[in-house]
Amino acid sequence: MNIAALHPQIVHFTIVLVIIGVAFRLVSLLGRPAFAGPAAATLLILAAASSVVSVRSGTAAHGPVERAPGARPAVMEHEEWGERTQTVLLILGAIELVGLALRKSPKAKIVHALSAVVGLVAVFAVYETGEHGGELVYAYAGGVGIRSGDPQDVERLLKAGYYQQALADRRAGNATGAATLFTEAARRFPSDPEVLMLAAQSLLVDQKNPRGAIDALAAVKVPTDNRFMRFQHATLQADAFEAAGQKDAAIDALQKVVEVFPNPRIQQRIDALKRGSTSP
């Protein structure tokens, strides 16, 4: 695995070194405990070295990310803050080295106080870099699905995109758009039972087609040992059967799974159906 793929791990290592190192430096100004000063120096010098690797790994990782539509400005802003943070940490590391050289001199206290001030600036810079990095990852999907180079990661990204956009369309009242996306996802991933169940649910919810949902769910092969997926499949079947006016079939679908995996909520649904209610 190349250094670009290790960027998140390296960055978090740097963040921890900076925050703990600055905390120790602030505590060391009180004169106790005795280990606070040496610990601060060690951590902050390591943070300075780690910042160089962080920037290098980030530079190696940015190419594929910034080529994604609309992501370039966010990538550049994150990089700029990363470089600023590196500069501050290198200065901080240099100050700590001076402090080590003057550790037996009365001037060491002044150097340590300066280090504490610069350290607070470093913490702010780290925060800003992290905030922009988080925005890049979570708002622009920067690196999501492509960091490892594994094609399966890209597939997971695509599935997530189909799912989230379909839900957004549904919330906006665009049932046709939601149905189209779920249908396309099922076509793109015909062997994924979770995707197929979502497409079947869309037939019921977005297209108001319970018969189509029943047929689609009947074709889904759910792993027999997967409790959650069995519950999900049975519940969707019950919803479709109930919408089609087939309450006995809905009860039967739920009864089959509850016999294998007892579940109070599903049993409540069964009891409600038997009473002729539409909800537990």
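Just so it is clear, none of the values below were taken in a lab; they were calculated from the coordinates. Values in this document were obtained by computation on a predicted structure and should not be read as measured data. Here the Cβ is made from the backbone with ideal geometry for all residues, glycine too, and neighbour counts use every protein chain on show.
More than 30 Å from Asn2 (Cβ to Cβ), among the hydrophobic types (A, V, I, L, M, F, W, C) and touching a residue at least 60 places away in the same chain (Cβ under 8 Å): is that true of Ala61 in this structure? Talk me through it step by step, then tell me what you get.
On the way: more than 30 Å from Asn2 (Cβ to Cβ): no; among the hydrophobic types (A, V, I, L, M, F, W, C): yes; touching a residue at least 60 places away in the same chain (Cβ under 8 Å): yes.
For Ala61, the condition - more than 30 Å from Asn2 (Cβ to Cβ), among the hydrophobic types (A, V, I, L, M, F, W, C) and touching a residue at least 60 places away in the same chain (Cβ under 8 Å) - is not met.
Cβ-Cβ below 9 Å, separation at least six or inter-chain, first residue in segment 186-198 and surrounded by fewer than 13 Cβ atoms within 10 Å (Cβ to Cβ), second of a type outside the set (Lys, Arg): which pairs?
From residues that are surrounded by fewer than 13 Cβ atoms within 10 Å (Cβ to Cβ), the pairs are Arg187/Ala199; Pro190/Leu196.
For segment 14-25, which residues satisfy the criterion of being surrounded by fewer than 16 Cβ atoms within 10 Å (Cβ to Cβ) and over 16 Å from Glu128 (Cα atoms)? Show your work before the answer.
Step one: of segment 14-25, the residues surrounded by fewer than 16 Cβ atoms within 10 Å (Cβ to Cβ) are 16, 20.
Across segment 14-25, the qualifying residue is only Ile20.
Checking Ala40 against (1) free of Cβ contacts under 8 Å to residues at least 60 places away in the same chain; (2) over 29 Å from Ala5 (Cβ atoms); (3) buried (at least 19 other Cβ atoms within 10 Å of the Cβ), which single condition isn't satisfied?
Result: Ala40 passes all but (1).
So which residues in segment 161-181 are within 22 Å of the chain's Cα centre (by Cα) and under 21 Å from Leu217 (Cα atoms), if there are any at all?
Tyr162, Tyr163, Ala166, Leu167
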